[in-house]
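The values are calculated or read from the model by the stated rules, or taken from the named source; none is laboratory data. Since the structure is predicted, the reported quantities are computational estimates derived from the model, not experimental observations. Here Cβ is always computed from backbone atoms with ideal geometry, including for glycine, and neighbour counts include all displayed protein chains.
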Amino acid sequence: MEPEVGGTWWQILIGSEEGSLQLWNISTCKMIYEFKGWGSAVRCCVSSPALDTVGIGCSDGKIHVHNLRYDETVVSFSHTTGGPITSLSFRTGMFPMFLFCHDAGIDLS
C-alpha cells in the first residue's frame, strides 16, 4: 500500500523510540500510514527541498533520506564520531548542503 502523502497541511510525521515513523492526519485524528523504520530510535526529522522526502536522524548515528510517497530510502549514511543525530537541516541555493548535529559537534555534507 502506498501512503497518502501530500495535498494537505493536516499531516504530521511522528518518530518513535522503536524506530518507526507514523504519518497522521491531525484533523481526523487518524493514522494514515506506518513506516517500518530502521531499528533505531528516531531523534529528529526534517522535510527536505525534494517533494515528499524527509531527512531522519537516528540514535545510532545514522541519517536516512526517505521518500514518504514510495516508502523508499533514497540514501543512508553515518558520521564517524558516533552518537545520536540531534538535528538536521537542508540548505538549497548555489551550493546545496546538508547539516547535521550530534553529541561531538556539527558536520556538513
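For this structure, a couple of remarks:
- R43 more than 14 Å from S16 (Cβ to Cβ), in contact with a Pro (Cβ under 9 Å, 6 or more places away or on another chain) and at pLDDT 90 or above: no
- Which listed residue, of H79, H64, is of a type outside the set (D, E, K, R), out of contact with any Pro (no Cβ under 7 Å at 6 or more places or on another chain) and modelled with pLDDT of 85 or more: H64
- The set of residues in segment 31-49 that are touching a residue at least 12 places away in the same chain (Cβ under 8 Å), over 10 Å from G15 (Cβ atoms) and not hydroxyl-bearing (S, T, Y) comprises I32, E34, K36, W38, G39, V46, P49.
- With respect to the conditions (1) free of Cβ contacts under 8 Å to residues at least 60 places away in the same chain; (2) within 19 Å of F90 (Cα to Cα); (3) not β-branched (V, I, T), S20 lacks only one, and its number is (2).
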